Every structure is written in structure tokens, then in C-alpha cells.
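The values are calculated or read from the model by the stated rules, or taken from the named source; none is laboratory data. The model shown is predicted, which means the values in this text are computed figures rather than measured ones. For neighbour counting, all protein chains shown are included, and Cβ atoms are generated from backbone atoms with ideal geometry for every residue, glycine included.
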Amino acid sequence: MNDGNPPALTARETTAETRLRQLEDEVASLKKTNRILMDRVEHRINVEGGAFAAFQVASNLEKTVADRTTELRRLNERMEHELDLRRSFENALLRAKEQAEEATASRTRFVAAASHDLRQPLNAAMLYLETIKGDSLHPADREGLRGVALALETLNRLLSALLDISRLDSGGLHPEPRHFSLQLLFERLATEYRSVAEAKHLGLKVIPTSCTVHSDPMLVETILRNLISNAIKYTRHGRVLMGVRRRGNRIAIEVRDTGVGISLEHQHRIFEEFWRAPGASMGREGSMGLGLAIVERICRLLGTSIAVQSAPGRGSSFSLELAVGAADAVTAVEASATAPGPVGFNQCPVVVIDDNVHVLRSMVRLLEGWDCKVIAAPGYEEVLTKIIDQDLLPRLLLTDYHLAEGATGLEAIRSINAELAREAPAIMISPNVARVCR
């Protein structure tokens, strides 16, 4: 029977409800735990994922470094190989250079040592020719004699040029600069080359100058001789002109001609040894191709240069620049120098000393043909004996530099003059490349 009140819960129902609430609390707790665990898992995944990425980067970097190291090692090996090749090449070049220098030095030593022996027979032959009276010969013989003289002259010029080249290449020639007047040099060259120019029906004009320069006069003279000789050689019609231009503190000596000229394509080669312009020939009027090579070397030695302007058919102009000198520093001897006048020998006592019998005989014949009284011998002891026996006072001593048994002409001159009441002037005859006289 129901009295209107809710029915009381049974014990079983109460227990089920309590269990339900417990289960709900456990579910909530499990969700919370699950959420915490998921957060931890996500965090761990993130952490472990970054480490792995770093590991991968490190691994890749290590591989890259290894690859680059291998590449650098190969490059280094290649560079070392190339360096070895370069060192080998440089060593080969150095050896070749040393061999070339030694060959040049050997050639120079040979030419310097042999020059005396090479020139002795040539000088003897030329001296013998001078003693032959051409007027007494048959015309055909005179022509043959003239041919021999021209051949010997060409040989002498070639030998002289080779010796000059050898001396310049050996470094044995050192400039001795001083102040000197150009006018005296100009007068000497004009006197010497005017007859050569006239023989070719050319005019040679040397413009007077009051300029003084500072350089080595002997070397400057050698340059101008070669330039004038070349100008006359390559000029068929017209004239050769030498003059001076002032350019600030420099003096330009110019040698001009109206000759065949030089094309622009060949101008860079004219200073090479043995190079001759097309059409040039050897012989009395030809070229050996050494004159301008000597000029270029001497200019280099003097610290200056030679300039050229030329065109085919319009002649050539060579210009040499030198430092201006001081006129008041010119030596009194040079300032008072004049061209030598004619000399009358008239049995003038002359001493000749030469250990080469052919040169000695030819010199005696030549000097006796000039009306000299000759005292000749291969050594100075014999000459002294003859001078003392004949009670002579020589007016001139002519001696070769290289005498027998290692004696020199300087010793001969000193010994002879030591016995004389008055020292006699002396002339040294030598192809020696050094300046032996001081």
C-alpha cells in the first residue's frame, strides 16, 4: 500500500549510485592523467625530433667536410705536382741561363785571348802592302793588289767590330766620363771622313758647335764614327750632316743623311747583330751588320739611348742625347789641342819592339820607307844594347803590348826611358780589350 511518500532506496540501489560516482571520478582522473601524459609525449617527441634533426645536420656536415677535405687534398696534390713541374722548369731555365752565360764568357775569353794572335798576321799583311810601290807594278797587278787591300780592310773592320762586341758583352769596358768639347771631336771626324764622302761624290757638312758635354769621349767618338760611316755607306746621292741641338740640360747630336732610308717594319731590327737591310751587301760599300749593334750597346753602357727617324727614299736621322758639360772643367790639354800638321821624319830615330817577326819586318820596311832610322828588335834588352852601342836618342818608341816570356810593352817603355837622358814619347800597339795605359 502506498501512503504518498517516495519509496525508500534499496541498499542495492545506493551501492550502484555510489559506484557510478566513483567511476565518474576515476574517468575524470584518467582524462587528466591522459592529458598530462599526452603533453609529456608531445614534448618528448619535439625534443627527440630536434636532436634527430641536429644529428642529421651533423652527419651531413661531416660528410660535406669529408668531401671538401678529399677535394682539397686532391687539389693540393695537383698544385704540388704543378709546383714540382714549375721548379723543374725553372731549374732547367737556370741551368740553360748559366750554360749560355758560361758559353758567352768562354767566347769572350777566347776572343780576348786570341785577338792578339788573330791581328798579328793581319797587321803584318797590311803593313807589307803599304811598303809595295804600286806605281812600279803592271796595271793588272795593281788591280789585284787593290783587291787584296780591300779584302784585308774588310777583314780588319770585321775583326775590330767583333772585338768591340766581345769587349762590350764581357763587361770589361767601363765608361770614364769627363767634360770635353764637341767641336774638337767634330773637327777630327770631319777631317777623317770628308775624303771618304768625296770619293762617293757626297757632301759632308759638320756644323760647328760651342757645346761641352759630360760623357766618355772615346765611346762617344766610337758611336759617331759608326753613325757617319753608315750614313756615307747608305747614301748614294746628296749629303751627310752632323750637328747639335740643345734640349734643356741635354745635348742631342744628330747625324742625318739623304740615303736609301729604312722602312718602319725594319727599324726595330737595325740594332741586331749581323742584320742588314734588304739590298745591303758586304764589301767596301756594304754593311757587316755590326755598326749599329755596337752603337746600341755603347749607348746602353753610357745610360743613354739612340733615336732614329727614317723612311725609304727620304734618308735617315739618328739622334744621340748626352748630358751638358761644364766648359770650365775641360782640361787645358784638350782645349789647346789642334789637328797635327805634316811631320818630316828625316832619319828620325824610331824604336820598334815586337816579338812577331813578320810584324817587325813589315814595320821596319814601312818606317824606313818614310825615311826613319829604325832600331828594331823582338825584346827591349836588345833594343837597349843597340841604343847604347850606337849612342842614339830615340824620338819615338813603338812597342807591342804582349811581348815574349810574359813581358809587356809598358815594361819595355819604362826600362828604355830609364836609360835615356830624356824620356821619349811612346805608342803602344795592342788589340788588348782593356785600357792598359794609365
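Scanning the stretch 175-219 for residues that are among the aromatic types (Phe, Trp, Tyr) and either touching a His at 6+ places or on another chain (Cβ under 6 Å) or under 30 Å from His237 (Cα atoms) (or both) returns Phe186, Tyr193. Whether a residue is at pLDDT below 85, exposed (fewer than 15 other Cβ atoms within 10 Å of the Cβ) and more than 30 Å from His179 (Cα to Cα) was assessed, and Glu405 passes this test. Does Glu221 satisfy the criteria of being in contact with a helix residue (DSSP H, G or I) (Cβ under 9 Å, 6 or more places away or on another chain), of a type in the set (Asp, Glu) and surrounded by 13 or more Cβ atoms within 10 Å (Cβ to Cβ)? So Glu221 fits the description; yes.
Pairing each residue of the stretch 218-232 that is over 12 Å from Leu322 (Cβ atoms) with any residue that is surrounded by fewer than 19 Cβ atoms within 10 Å (Cβ to Cβ) and at pLDDT below 90, provided the two are 6+ apart or on different chains, yields C-beta distances under 6 Å for Ile232/Val196.
Of note, Thr222 does not satisfy the criterion of being assigned to a loop (DSSP other than H, G, I, E, B) and of a type in the set (Val, Ile, Thr). All of (1) at pLDDT below 85; (2) in contact with a Cys (Cβ under 8 Å, 6 or more places away or on another chain) hold for Glu334 with one exception: (2).
Within the stretch 293-316, being surrounded by 16 or more Cβ atoms within 10 Å (Cβ to Cβ) and either over 17 Å from Met242 (Cα atoms) or touching a Leu at 6+ places or on another chain (Cβ under 9 Å) (or both) holds for Ala293, Ile294, Val295, Glu296, Arg297, Ile298, Cys299, Leu302, Thr304, Ile306, Ser310.
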